[in-house]
Amino acid sequence: MSVHHESEPKLYRYSRTVCGVFTHVLCALFSVFITVLSRPGSSLFSWHPFLMTLAFSFFMTEAVLLFNPYSSPIKKLKHKTKGRLHWILQGLCVCCAAAGLSAIFYNKNLNDKPHFTTWHGLIGVLTLAVVGLQSLGGLPLLYPKLAKGWSLAKLKRYHAASGLLTYLLGSLSLFLGLCSAWFSSSVSGYVWYLAVLCPVLCALVIMSQGPALIGWDQAPPLQSATVTPLPSV
């Protein structure tokens, strides 16, 4: 752990670690819950909630938390290795989201239903496009030769900041999906509220640890200016 993190209060570090571990567990449990509920393979539509949840709840969350200095499961590995694993997880996120979108698109065609008529559909396709662009934007960080004339330090911060916004879009898409007719008819009562809390809580934890992920909390403290006394006459 860096000197900066060692200088932080223990309570602060422990709380960040607990929140990170909590997010790992929560996104995994939520993904399993949707998998059991949707029963992928039982119908063409069933692939949509399964794949979208796998993309935006599991793969994207784990991709972001790889760089978390408090709860990353691979925090002892080199930054370059983390970057490659991050890109692989983001690639899996894009593939699952694209497959999920294809499943619902084809299902609507078979049933002669209109496309993208709800906020869930519009935000979902927008999120897929942004995640794809975000993955392409990470290539110069994996292969610095592509970043000609650009500062890698600035690119990393821009990529991390835009990644957090992308995560918010993914969480919003999941939230709107939980408000859909399919999910509302599948669960009821407190189960619905608990399910809705999952993407909301994960997003809150990710956003609260945003400065650590971007690196803003690692900036050296400002030094106070020293005043040189005037010579006595």
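Here is how the numbers come out for the structure above:
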quantity	calculated
Under Karplus coefficients 6.51, -1.76 and 1.60, residue-wise ³J(HN,Hα) of the range 124-136 in Hz, glycine/proline x	x, 5, 5, 5, 4, 5, 5, 5, x, 5, 5, 5, 5
Point-to-point label distance, L152-V200, nm (Cα→Cβ direction, 7 Å offset)	4.2
³J(HN,Hα), Karplus 6.51/-1.76/1.60, whole Hz, each residue of the range 91-97, x for Gly, Pro	x, 5, 4, 5, 5, 5, 5
Inter-centroid distance (Cα atoms) of the range 92-141 relative to the range 153-213, Å	16
Estimated 222 nm signal from helices in the chain, with DSSP H stretches of n ≥ 4 weighted -39500 (n - 2.57), rounded to 500	-22000 deg cm²/dmol
Stretch gain in nm, segment L139-T35, where the contour uses 0.36 nm per residue and the Cα spacing is subtracted	34.3 nm
Ranked C179, C202, criterion: other C-beta atoms within 10 Å, fewest first	C179, C202
Exposure proxy ranking, count of Cβ atoms within 10 Å, fewest first, for H120, H48	H120, H48
The range 14-76, relative contact order [Cα under 8 Å, separation at least 6], %	39
Label-point separation in nm, K113 to H79, each point 7 Å along Cα→Cβ	4.6
For the range 141-156, 3J(HN,Hα) per residue [Karplus equation, 6.51 cos²θ - 1.76 cosθ + 1.60, θ = phi - 60°, Hz, x = Gly/Pro]	7, 7, 10, x, 5, 6, 9, 5, x, 10, 7, 4, 4, 5, 4, 4
Distance histogram for the range 8-214 (every C-alpha pair counted, 10 angstrom bins, percent rounded to whole numbers)	8, 34, 34, 18, 6, 1
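Throughout, read-outs are computed from the coordinates displayed, never taken from laboratory work. Bear in mind that the values here come from a model prediction, so they are computed numbers and not experimental data. We place every Cβ from the backbone using ideal geometry, glycine too, and count neighbours over all the protein chains shown.
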